[in-house]
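Peer 1: Quick one: structure below, then a few questions.
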Amino acid sequence: MNVKLKLTIIPLLLIFSVCCELVFDLPHPSDDSLIKNFQSHEADFDQLARMSQEDFNLIRIAPDFTWTQKSAAWPRPESGLGFSPQRWDEYRGLFRKLDLKSGILSYQPDLVLFLASTKGLVTGGSSKGYAYCVKEPPLVVESLDNYSFKDSKKDIDRVYRRLKGNWYLFYEVSG
């Protein structure tokens, strides 16, 4: 595909994607649906948490890109992925099985976010999913469904709901 065509198609796809999101503003999954998924696949979530701790040099692992501690640039050559293509396939398989459409975000060594649902852009959006927290999170609430940050007296952008042990659900807003 020539460069001119790519420069035309890519912006159109981005605009289409944003428009679809605005028109079909689907809600994040409910706490209950996330809890049910976690309970059905707890061993796989544990495996994914262990893998992310082993691959501590990676900050973000998604089905279609990676960020290492040294580079968020994409695309990168296979040698710059941060692990082998086979390891990435292992992650992708677990992402599909666990319904983690956007992969994981790792704040090593204390926190890994497992992104079940994301909306918006970096400049403003929200996400919901699972969190593996080594330390107690700053704000744990009874429910994330319909949580309003406007009602919070704390200056926060992420809240948690305890599942078990070091596992939580999380909901965050950005921008």
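Peer 1: Examine the stretch 80-98 for a residue that is of a type in the set (A, V, I, L, M), more than 13 Å from the chain's Cα centre (by Cα) and more than 27 Å from residue 42 (Cβ to Cβ), and state whether such a residue exists.
Peer 2: Looking for residues that are of a type in the set (A, V, I, L, M), more than 13 Å from the chain's Cα centre (by Cα) and more than 27 Å from residue 42 (Cβ to Cβ), one finds at least one in the stretch 80-98, hence yes.
Peer 1: Having 3 or more residues that are within 15 Å of residue 60 (Cα to Cα) is the bar; report the strands (runs of 3 or more DSSP E) wholly within the stretch 91-175 that clear it.
Peer 2: 104-107, 111-121, 124-133
Peer 1: Can you report the number of residues in the stretch 143-163 which are over 17 Å from residue 29 (Cβ atoms) and either in contact with a His (Cβ under 7 Å, 6 or more places away or on another chain) or modelled with pLDDT of 95 or more (or both)?
Peer 2: So the count comes out to 1.
Peer 1: Out of the stretch 105-151, which residues are free of Cβ contacts under 8 Å to residues at least 60 places away in the same chain, of a type in the set (A, V, I, L, M, F, W, C) and within 26 Å of residue 55 (Cβ to Cβ)?
Peer 2: 105, 111, 113, 115, 122, 131, 133, 134
Peer 1: Now a separate question. Yes or no: the stretch 55-77 includes at least one residue that is surrounded by 14 or more Cβ atoms within 10 Å (Cβ to Cβ), small (Gly, Ala, Ser), touching a residue at least 40 places away in the same chain (Cβ under 8 Å) and part of a loop (DSSP other than H, G, I, E, B).
Peer 2: The answer is yes; a qualifying residue exists.
Peer 1: Within the stretch 20-35, which residues are among the polar types (S, T, N, Q) and either modelled with pLDDT under 95 or in contact with an Asp or Glu (Cβ under 8 Å, 6 or more places away or on another chain) (or both)?
Peer 2: Hit for the stretch 20-35 is 30, nothing else.
Peer 1: Only residues that are over 19 Å from residue 72 (Cβ atoms), at pLDDT 95 or above and touching a strand residue (DSSP E or B) at 6+ places or on another chain (Cβ under 9 Å): list them for the stretch 96-105, please.
Peer 2: 98, 99, 100
The values are calculated or read from the model by the stated rules, or taken from the named source; none is laboratory data. Just so we're clear, the structure is a prediction, and the values are computed from it rather than from any experiment. Ideal geometry is used to build each Cβ from the backbone, glycine not excepted, and the neighbour counts take in all protein chains shown.
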